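Chemist: For reference, the structure I am asking about is given below.
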Amino acid sequence: MKERLPPLTALRAFEAASRHMSFAKAAEELNVTPAALSYQIKALEADLGTPVFRRLNRAVELTEAGRTLAPGTSDAFGTLSAAWRNAKRLNDSSVLTVTAGPAFTSKWLAPRLYDFAQAHPEIELRFHASLRIANFDRDEVDVAIRFGLGTTGDVFAEPLIQEWMTPMMSPELARDITTPADLAGATLIHDDSIAFLEPPCDWAAWCKAAEINIDTDHGPRFSQADHALDVAMTGAGVVLARVSLATRALETGRLVAPFDLGIVADAQFRFVCPKGNETRPHIKAFHDWMMDEIKASRKYENGRRLVMASDLSD
């Protein structure tokens, strides 16, 4: 036989009071009088057959029954609120919330925001820069741009960019570094954001592909790819840069990529959203715009010798 639950209003009153540990603050949040809130909690206690609060002189505290009930009601109302917000968002195609890593947000998305706004003035883009795996129900995001070796879960996931790396430097520095062997005397900048890749796509791998033997252990290291790029743009050294993140710097001439050799990672950027949502008008518009932008940036592959990192492993 299915357990009969108390009225939702009584549970809501208890959840708010247990969170605030104050009847007055809970009543204010729920826009009811303290007397009305107290009545709902007394009705809940009558249904349960035991008190859930111990009333003190100027405070309340949870009884054992209240401490048992509080986590479940808090989780339940949190889930219910998230479901309600997500259901309402299905009818809103004017706002698109996108989550991507900090480097991709700053170096790829943000510089192109104006272009998207011009093409789609009816859509307001909101960015959430995070590397956390997206939970579309909890995080209230529409699209996630993620970099890695694959995806899990029942989602729509489409590869966006084939990631490859090549040495990049300021135009001034490039005057003195005309061959790969010249890198022996240069400061090598390391992007450790891709240190997790296996096989590795680091300076040692690129030098192996270039058939040069130089010390690659020196030089500053950065946990964020955009920081490594920013330092290279100052002329402080040469970075083994991810072309996906450096496209705008190459277009504006702040960085140059003088060598024809690049190493290709097995990992890719992917466009991820809940399955079925890829056809929603504002998500499809963003997806199609991204694909057009990526297609235009593939010109930097022309004339390059791209070597798979997996082919360099022993």
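The values are calculated or read from the model by the stated rules, or taken from the named source; none is laboratory data. Remember, it's a predicted structure, so these values are computed and weren't measured experimentally. Virtual Cβ from ideal backbone geometry, glycine too; neighbours counted across all protein chains shown.
Chemist: If you take the residues of the stretch 110-137 that are among the acidic types (Asp, Glu) and out of contact with any strand residue (DSSP E or B) (no Cβ under 6 Å at 6 or more places or on another chain), which of them is surrounded by the fewest Cβ atoms within 10 Å (Cβ to Cβ)? Talk me through it step by step, then tell me what you get.
Modeler: Residues of the stretch 110-137 that are among the acidic types (Asp, Glu), as a first pass: 115, 122, 124, 137.
Now narrow it down to the ones that are out of contact with any strand residue (DSSP E or B) (no Cβ under 6 Å at 6 or more places or on another chain): 115, 122, 137.
Working: Asp115: 12, Glu122: 9, Asp137: 13.
Step by step, filter the stretch 110-137, then rank; the result is Glu122.
Chemist: Sort out which residues of the stretch 43-53 are of a type outside the set (A, V, I, L, M, F, W, C) and either surrounded by fewer than 16 Cβ atoms within 10 Å (Cβ to Cβ) or under 42 Å from the mean Cα position of the chain (by Cα) (or both), and write them in order of number.
Modeler: Going through the stretch 43-53, the residues of a type outside the set (A, V, I, L, M, F, W, C) turn out to be 45, 47, 49-51.
Scanning the stretch 43-53 gives Asp47, Gly49, Thr50.
Chemist: Same structure, new question: Tell me, yes or no, whether the stretch 182-202 has at least one residue that is under 23 Å from Asp260 (Cβ atoms), assigned to a loop (DSSP other than H, G, I, E, B), touching a residue at least 40 places away in the same chain (Cβ under 8 Å) and polar (S, T, N, Q). Give the derivation first.
Modeler: So the first thing to find is which residues in the stretch 182-202 are under 23 Å from Asp260 (Cβ atoms), and the list is 182-191, 194, 197, 199-202.
Still in the running and assigned to a loop (DSSP other than H, G, I, E, B): 186-187, 197, 199-202.
Checking the rest, the ones that are also touching a residue at least 40 places away in the same chain (Cβ under 8 Å) come to 186-187, 197, 199-201.
Checking which are polar (S, T, N, Q) leaves us with 187.
Scanning the stretch 182-202, I find at least one residue that is under 23 Å from Asp260 (Cβ atoms), assigned to a loop (DSSP other than H, G, I, E, B), touching a residue at least 40 places away in the same chain (Cβ under 8 Å) and polar (S, T, N, Q), so the answer is yes.
Chemist: Could I ask something else about it? Specify the residue that is surrounded by the fewest Cβ atoms within 10 Å (Cβ to Cβ); the eligible residues are those in the stretch 138-181 that are among the polar types (S, T, N, Q) and in a loop (DSSP other than H, G, I, E, B).
Modeler: First, pick out the residues of the stretch 138-181 that are among the polar types (S, T, N, Q): 151-152, 162, 166, 170, 178-179.
Narrowing further to those that are in a loop (DSSP other than H, G, I, E, B): 151-152, 170, 178-179.
Working: Thr151: 14, Thr152: 7, Ser170: 19, Thr178: 10, Thr179: 10.
Filtering the stretch 138-181 for residues that are among the polar types (S, T, N, Q) and in a loop (DSSP other than H, G, I, E, B), the one surrounded by the fewest Cβ atoms within 10 Å (Cβ to Cβ) comes out as Thr152.
Chemist: Let me ask another. If I ask for residues that are over 16 Å from Val239 (Cβ atoms) and out of contact with any helix residue (DSSP H, G or I) (no Cβ under 8 Å at 6 or more places or on another chain), which ones from the stretch 190-212 would you list?
Modeler: Correct list: Phe196, Glu198, Lys208, Ala209, Glu211.
Chemist: Take the residues in the stretch 216-274 that are within 18 Å of the chain's Cα centre (by Cα) and not in a strand (DSSP E or B); name whichever of them is nearest to Leu160 (Cα to Cα).
Modeler: Per the stated criteria, the residue is Ser244.
Chemist: What about His227, is it modelled with pLDDT of 95 or more and either within 21 Å of Ser310 (Cα to Cα) or crowded, with 21+ Cβ neighbours inside 10 Å (or both)? Give the steps one after another, and end with the answer.
Modeler: On the way: modelled with pLDDT of 95 or more: yes; either within 21 Å of Ser310 (Cα to Cα) or crowded, with 21+ Cβ neighbours inside 10 Å (or both): no.
Answer is no for this residue.
Chemist: Filter the stretch 54-71 down to residues that are among the small types (Gly, Ala, Ser) and closer than 13 Å to Glu15 by Cβ and give me whichever is surrounded by the fewest Cβ atoms within 10 Å (Cβ to Cβ). Show your work before the answer.
Modeler: At the first step, the residues of the stretch 54-71 found to be among the small types (Gly, Ala, Ser) are 59, 65-66, 70.
Then drop every residue that is not closer than 13 Å to Glu15 by Cβ, which leaves 66, 70.
Working: Gly66: 23, Ala70: 17.
Filtering the stretch 54-71 for residues that are among the small types (Gly, Ala, Ser) and closer than 13 Å to Glu15 by Cβ, the one surrounded by the fewest Cβ atoms within 10 Å (Cβ to Cβ) comes out as Ala70.
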